[in-house]
Amino acid sequence: MPYTTNDIRRVEDKWQKYWAGKKIFRAQETPGREKYYVLEMFPYPSGKIHMGHVRNYTIADVIARYKMMRGFNVLHPMGYDAFGQPAENAAIKRGVSPSDWTYKCIEDMHAGLAKMGFSYDWDRELATCDVSYYKWNQWLFIKMFEKGLAYKKGSPVNWCPSCNTTLANEEVINGACWRCKNEVVQKDLDQWYLKITHYSEALLEDLKTLNNWPSRVIAMQENWIGKSYGADIYFRVKGRDDVITVFTTRPDTIFGATYVTLAPEHPLVRKLSQGTAQEAKVAAFVEKAANTSKSLRMSGDQRKDGVFTGAYAVNPVNGRDVPVWIGDYVLMEYGTGAIMAVPTHDQRDFEFAREHKLPMIVVIDDPARPGLAPDQMTRAYEDAGTLVNSSLFDGIPNEEAKKKIALWMEEKKTGKVSVHWRLRDWLISRQRYWGAPIPMIYCKLCGIVPVPEDQLPVELPKDAPITGEGGSPLAKVKEFVECKCPKCGKDARRETDTMATFFDSSWYFLRYCDAHNDKAVFDKAKAAYWMPVDQYIGGIEHAILHLLYSRFFTKFIRDLGLAAVDEPFDRLLTQGMVLKDGEVMSKSKGNVVDPDEVISKFGADTLRMFILFAAPPEDQLEWNPAGLEGNWRFINRVWSAVEDRYDPKVTGNATGSLADADDKKLELERNAAIKKVTESMEGGFKFNTAISAVMVLMNAIDKYNVTTSIPGMKAVYLNKAIETVVLLLAPFTPHVAEEMWQMAGKTDMSVAYVGWPSFDEKALVTDTVRIAVQVNGKVRGEFEVPRDAEEPVLRPIVLADEGVLRHIAGKEIKKFIVIKNKLVSIVV
RNA sequence: GCUGGAGUGGCGGAACGGUAUACGCGUCGGUCUCAAAAACCGAUAUCUUAACGGGUGUGUGGGUUCGAGUCCCACCUCCAGCACCA
């Protein structure tokens with residue numbers, strides 16, 4: 001009897017109930033027992049689970065189940081990243097409360113996850129919108145405030161006009177909001193920031209320790225943090241007390257700096273142009289820049305617009321007067337907001353100088369074609385070379401000159417060696433309702449005062465008006481806003497912004513270690529036992545956002561003395577997208593395949609197996625209904641083998657002496673399969689090759705001939721092989737594996753607790769091996785030869801072969817190379 | 001432009017420097033059937049040959065090696081991220 005649709009329902013329900021009822025996957029801290037923490041990026045509960053979730057969580061589940069069978073104490077928790085805008089949008093659209101909507105979605109999501117048979121410790125389930133969770137958000141925020149790592153400042157911020165809220169730099173993708181894709185504008189606002197830049201150096205440095213992270217994620221974070229070595233150089237303004245500090249990564253080119261350019265927002269701009277003939281022009285330029293959005297200013301045709309300020313500065317190394325300009329390509333946020341321009345050796349400066357007819361001096365000569373001259377250059381020379389026109393530094397290679405000149409200037413106090421970062425502090429206040437309230441109080445007398453710990457949590461009021469029209473909804477709830485100052489007791493006002501949801505997800509992996517602690521953020525000892533996460537799995541879209549923030553939080557929490565690790569995630573796997581017809585599955589494209597439908601037709605096990613088999617986990621996965629059916633067929637073949645060929649009545653061990661050639665072959669295949677699957681798992685979770693190895697064993701079982709020899713003995717080998725298939729499949733297709741294990745009469749325990757099968761290297765050793773023979777690099781024959789045979793044995797065998805002789809044909813044999821048990825290579 | 005990654009049958013994809021294309025899908029042929037489906041068995045890189053066999057094949061061009069998909073150099077294409085970051 002094949003495995004039918006009815007069997008699917010019966011079997012999957014049965015075992016899901018069994019796992020839940022017996023709490024098979026409950027994790028308990030057991031000192032002395034080796035732990036393994038598997039974690040997937042928890043979902044935003046938007047409704048039912050989709051194929052992306054299925055793929056992500058199936059990968060994690062196979063790892064969890066595999067590690068469990070290998071004897072590890074596995075922690076595999078699940079929860080919900082439950083604060084965020086979609087709940088508010090649902091509230092606006094349907095009039096439901098964000099809380100009701102969210103908890104309903106969580107219920108659906110939970111049901112969907114259970115139907116996939118994932119091995120979660122449901123006792124640790126949490127949602128970030130639970131008061132019991134976000135209370136600790138607030139506690140962490142206050143700790144940051146106390147350490148000076150949370151602060152409020154007014155400055156230009158990214159504002160999404162469609163979401164009506166501020167955004168962090170990391171949430172702006174190509175000038176657009178990461179969530180709604182609308183263009184982001186700049187606004188001057190007073191906002192809360194977390195000082196992630198306090199950890200710039202550590203965040204960069206510790207990337208080196210993350211050897212099991214994908215290189216592209218490391219590269220992306222490196223780029224994002226963006227450490228630049230160089231020098232700050234002081235340009236005295238002629239006829240004034242002011243000094244313009246510029247940052248450059250090319251101090252070697254200082255003798256070629258022929259002008260200085262300021263960002264339009266630079267504080268000196270107005271002052272320098274005051275009273276000069278340029279004043280009106282400068283003012284117009286500054287205003288134009290201010291009214292152009294940053295993304296427009298930075299994209300566009302990249303033509304270099306600028307205007308002369310009317311002022312001159314002095315190049316500190318040669319005393320020359322250099323004009324001070326304003327340029328729209330200079331950013332106030334980076335470096336010092338001012339640059340020294342070396343048009344001969346920087347392409348942007350080159351373009352600007354040509355546009356505005358500014359002078360150029362060559363200071364790095366091209367060693368390949370000496371004699372660079374400004375009027376013959378069509379673009380800047382940015383490669384390495386030798387210094388010229390640089391006084392006492394002439395003739396020095398420029399890489400060497402970078403250090404020398406910077407140090408020389410530091411000595412002369414005209415500059416200093418410096419480092420600048422691309423990373424900015426993290427803006428976390430949001431003018432939205434569905435988030436954790438920022439636990440701060442504004443008092444006219446005492447200023448900004450944190451809510452005392454014993455008054456936490458600051459609960460989100462249930463009845464805030466949610467209109468989506470802008471302004472923090474909490475500001476409209478009088479009872480929420482009005483409060484007493486914890487310091488002086490006078491009337492005060494609460495902060496009405498909420499925290500960015502990335503705050504919530506930056507430490508949830510620590511909370512899982514002790515999910516329901518109501519006395520502390522988590523127990524230190526429990527976290528010490530479970531952390532770090534051994535294997536983290538999630539989408540590449542969080543390469544910077546969530547993964548950078550979590551690294552920052554972990555370092556902060558470590559510095560609070562609560563966590564014992566420097567990094568939260570030891571290994572990271574970023575799973576590929578699920579595609580259909582070459583496009584990412586999405587509701588808007590209308591190409592989604594509903595996991596529920598697949599499950600009801602083929603079962604969760606088939607779905608799991610297909611997703612794991614069709615592509616390596618990191619690669620994109622093209623949805624293929626025919627492939628799905630292929631996996632369904634395979635599960636059925638195994639099922640039939642257990643039903644029809646497995647004999648539970650036969651027990652006992654096979655003895656080698658009774659084995660005939662077929663038996664030996666089957667034993668060999670069985671051991672080879674265990675070895676291959678184990679290696680595929682240990683060598684980076686290559687599920688596709690792991691499954692193919694099980695298929696190879698299954699093919700061998702189907703070919704195994706029982707009729708030729710002692711029947712009882714045959715059943716022993718056959719049983720053993722079939723048991724091995726079931727055990728090897730257990731992490732991949734857990735429901736049928738449990739059922740088949742039971743069908744095979746193994747009723748004493750869940751297959752999840754049965755050890756991973758081990759293999760015998762000796763069983764993989766055969767008496768003879770097949771070797772190939774090459775003549776001049778081309779394969780000319782194949783031989784069955786005794787194992788470990790050397791040249792004296794092989795030479796006569798090989799040279800007796802007609803196929804080989806044909807290609808030697810009387811020529812002299814120059815070399816006879818033997819690679820033991822692999823091949824013979826003859827050179828003639 | 002910079003950074004990271006990838007180019008292998010009709011398709012998804014395998015290959016410690018050692019017989020390229022495992023495994024699966026698809027296709028073709030067969031068994032079973034009145035027939036079909038399902039299931040099972042077999043074939044399946046390409047050119048050439050009646051066949052044995054031979055030639056060519058892992059994006060392109062070189063190199064190292066007895067031997068290269070794999071290592072080295074140069075290049076092309078694609079994907080992803082960043083991008084006027086001084």
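Throughout, read-outs are computed from the coordinates displayed, never taken from laboratory work. Please read these numbers as outputs of a predicted model, since none were measured by experiment. Methodologically, a virtual Cβ is constructed for each residue, glycine included, from the backbone with ideal geometry; neighbour enumeration extends over all protein chains shown.
Packing-based ranking of A:816-825, A:781-790 yields A:816-825, A:781-790, ordered from highest to lowest mean Cβ neighbour count within 10 Å.
Provide the gained length on full extension for the span A:THR30 to A:ILE819, in nm with one decimal, where the gain is 0.36 nm per separating residue minus the Cα-Cα distance.
Values: separation 789, 0.36 × 789 = 284.04 nm, distance 4.92 nm.
So the chain would gain 279.1 nm between A:THR30 and A:ILE819.
Label reach from A:LYS152 (point 7 Å along Cα→C-beta): in segment A:185-216, amide nitrogens under 20 Å belong to A:187-196. The gain in end-to-end length when the A:LYS589 to A:MET743 segment is fully stretched comes to 51.0 nm, 0.36 nm per residue minus the alpha carbon separation. Helix A:215-225 versus the longest principal axis of chain A: what angle, 0 to 90°, nearest 10, using Cα atoms? The helix A:215-225 is inclined about 20 degrees to chain A. Paramagnetic label reach from A:ASP644 (point 7 Å along Cα→Cβ; backbone nitrogen cut-off under 13 Å): within segment A:724-753, no residues.
Given an 8 Å cut-off on Cα distances and at least 6 residues of separation, report the relative contact order of segment A:475-527 as a percent. Contact order relative to length: 20 percent.
Every Cα-Cα pair of segment A:327-406 was included, and the share exceeding 22 Å stands at 30 percent. Using a basic spin-label model with each label point 7 Å from the Cα along Cα→Cβ, how many nm lie between A:THR292 and A:LYS478? For A:THR292 paired with A:LYS478, the spin-label model returns 4.9 nm. Ranked by the mean number of other Cβ atoms within 10 Å of their residues, highest first, the peptides A:135-141, A:523-529 fall in the order A:135-141, A:523-529. The gain in end-to-end length when the A:ARG10 to A:VAL131 segment is fully stretched comes to 39.7 nm, 0.36 nm per residue minus the alpha carbon separation.
In this simple spin-label approximation, A:GLN455 and A:ARG94 carry label points 7 Å from Cα along the Cα→Cβ vector, and these lie 3.7 nm apart.
What residues from segment A:321-339 fall in the zone where the backbone N is under 18 Å from a label point 7 Å along the Cα-to-C-beta line of A:ASN169? Taking a point 7 Å out along Cα→Cβ of A:ASN169, the residues of segment A:321-339 whose backbone N falls under 18 Å are A:329-339.
Placing unit charges on the Cβ atoms of the charged side chains and taking the dipole of chain A about its Cα centre, the candidate lying farthest along the positive direction among A:SER750, A:PRO316, A:THR606 is A:PRO316. For A:ALA800 and A:LYS762, a Förster radius of 35 Å and the Cβ-Cβ distance give a FRET efficiency of 0.65, rounded to the nearest 0.05. Derived scalar couplings between HN and Hα for segment A:49-65 equal 6, 10, 4, x, 4, 4, 5, 3, 7, 5, 4, 4, 5, 4, 5, 4, 5 Hz in order, rounded to whole Hz, by the Karplus curve 6.51 cos²θ - 1.76 cosθ + 1.60 (θ = phi - 60°), x for Gly and Pro. Here the peptides A:319-331, A:444-456, A:70-82 are ranked by packing, the mean other Cβ count within 10 Å, and the order with the highest first is A:70-82, A:319-331, A:444-456. Rounded, prolate or oblate for segment A:206-318? Axes are the square roots of the Cα gyration tensor eigenvalues, ordered a ≥ b ≥ c, and the cut-off for rounded is a/c under 1.5. Oblate, because a/c is 1.5 or more while a/b does not exceed b/c. What FRET efficiency, computed as 1/(1 + (r/R0)^6) with R0 = 60 Å and r the Cβ-Cβ distance, is obtained for A:ILE396 and A:TYR753, rounded to the nearest 0.05? After rounding, the FRET efficiency stands at 0.30. Between A:TRP122 and A:ASP375, the modelled label-to-label distance comes to 8.4 nm, taking each label 7 Å out from Cα in the direction of the beta carbon. With helices as the sole contributors, chain A gives -11000 deg cm²/dmol at 222 nm; each DSSP H run of n ≥ 4 counts as -39500 (n - 2.57), and the sum is divided by every residue. The overall shape of segment A:591-695 is oblate: from the C-alpha gyration tensor, with semi-axes ordered a ≥ b ≥ c, the ratio a/c is 1.5 or greater and a/b is no larger than b/c.
At an R0 of 30 angstrom, the distance between the Cβ atoms of A:LYS104 and A:ILE448 translates into a FRET efficiency of 0.20. Taking a ≥ b ≥ c as the square roots of the eigenvalues of the Cα gyration tensor of segment A:1-93, is the shape rounded (a/c under 1.5), prolate (a/b larger than b/c) or oblate? Because a/c hits 1.5 or more and a/b fails to exceed b/c, segment A:1-93 counts as oblate.
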